Amino acid sequence: MSKAHLPEAIVAAEAAPRANPSIYPPPFAARMTGREKRPLGDIFGLGNFGVNLTRLAPGSMSALRHAHAKQDEFVYILSGSPVLITNQGETPLAPGMCAGFKSGSGNAHHLINRSTEDVLYLEIGDRTGGDSVSYPDDDLVAVLDEHKTWRFRHKNNGTPY
């Protein structure tokens, strides 16, 4: 979309869902069933940070528990009651609550919807190049390459997925 055709405003819930529900390699991608991301920042051509309107169906999770080396992340709960899981344990969240994850802290995190209703939240993250991600609960590491493509490897032996 050229800059001349970028919208000034949209109804976020009407934005198209991300075409590929997960960039994780198999079998990890299957664990993202029930998560739907609407990439709002891309619609406006934002390059320095991304914004997603994300819905978690009951029983689904936001991501594998992870920590970024260079990219900060922030979530703001719009509706529903997810549980935030970090290195410190579990924290119930509610509408109006937010959480931030500083890059390089090593504080691995994700949200899980253990309720019977959908969770809706905004996730915001910067797009700093050269990032890497650790996944303490899984045999997985990711590196953002020079083409801004995530490359996934086994953390135990370094072989690619």
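Send over the per residue convex hull volume for the range 24-130, Cα only, as a whole number of Å³.
Spread over its residues, the Cα hull of the range 24-130 gives 104 Å³ apiece.
Among Leu140, Ile77, Ser105, which residue has its Cα furthest toward the positive end of the charge dipole of the chain, with +1 on Lys/Arg Cβ and -1 on Asp/Glu Cβ?
Leu140
Only Cα pairs within less than 10 Å get springs; with that Gaussian network setup on the chain, which residue of Met32, Met97, Met61 has the largest fluctuation?
Met97
Which residue fluctuates most in the GNM of the chain (Cα springs below 10 Å): Leu40, Leu122, Leu144?
So, out of Leu40, Leu122, Leu144, the one fluctuating most is Leu144.
For the range 3-65, state the average projected area of the convex hull of the C-alpha atoms over all orientations, rounded to one decimal in nm².
5.3 nm²
Just grab the label-to-label distance for Ala69 and Phe44, each label 7 Å out from Cα along the Cβ direction, in nm (one decimal).
It is 3.1 nm.
So what's the net charge close to Pro58: Lys and Arg +1, Asp and Glu -1, counting the other residues with Cβ under 14 Å from its Cβ?
Taking every Cβ under 14 Å from that of Pro58, the sum is 0.
Where does the chain land at 222 nm, in deg cm²/dmol rounded to the nearest 500, when only DSSP H runs of n ≥ 4 count, each adding -39500 (n - 2.57), divided by all residues?
Computed mean residue ellipticity for the chain: -500 deg cm²/dmol.
Distance in nm between label sites at Thr116 and Gln88, each 7 Å beyond Cα in the beta-carbon direction?
3.2 nm
None of the figures in this text is laboratory data; all of them are computed from the coordinates on show. If you're wondering where the values come from, they're calculated on a predicted model, not measured in any experiment. Note that each Cβ is placed from the backbone with ideal geometry, even for glycine, and that neighbours are counted across all protein chains shown.
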